[in-house]
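> Below is a structure I'd like to ask you about.
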Amino acid sequence: MTREEGGSIVIMTRHTVSLPGDLWAELQAKSEAEGKTIEVLAEEALRKGLADRSWQELPGYGAECGHALGFREEQAADGVHAWRAEKHRAGKMRGMGLSTDPLASVLYVLKS
């Protein structure tokens, strides 16, 4: 099974998924209302759900990294502000042809 997407051909594989009846009915109604196939709607929903889940996992990942580097949770806001300020400063420096390492500067701010 294939379909064209953005000028490219996408090869699809067929899988079977069991859904509760009410969810299937909602998917069918939305499909008809939007003029899209059920497959397209299901793909969009799965992609969005997986992307949202990865964003929801991000704070936990950040906490793990911070803990591994020896930072306390109350230092998180300071770290974010320092990172943003350093990225802004680094952008200005790059504009002047200079280079910088924003992570090293942020770690210095947090450790002091």
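> Highest mean first, how do 9-17, 49-57 rank when packing is the count of other Cβ atoms within 10 Å averaged over residues?
49-57, 9-17
> At VAL40 and LEU69, where each label point lies 7 Å from the Cα along Cα→Cβ, what is the point-to-point distance in nanometres?
4.4
> Which FRET efficiency value, to the nearest 0.05, do you get for THR13 and LEU58 by plugging their Cβ-Cβ distance into 1/(1 + (r/R0)^6) with R0 = 30 Å?
After rounding to 0.05, the efficiency reads 0.55.
Read the figures in this text as sums done on the coordinates, not as results from a lab. Not measured: the values here are computed from a predicted model. Every residue, glycine among them, receives a Cβ derived from its backbone with ideal geometry; neighbour counts consider all protein chains shown.
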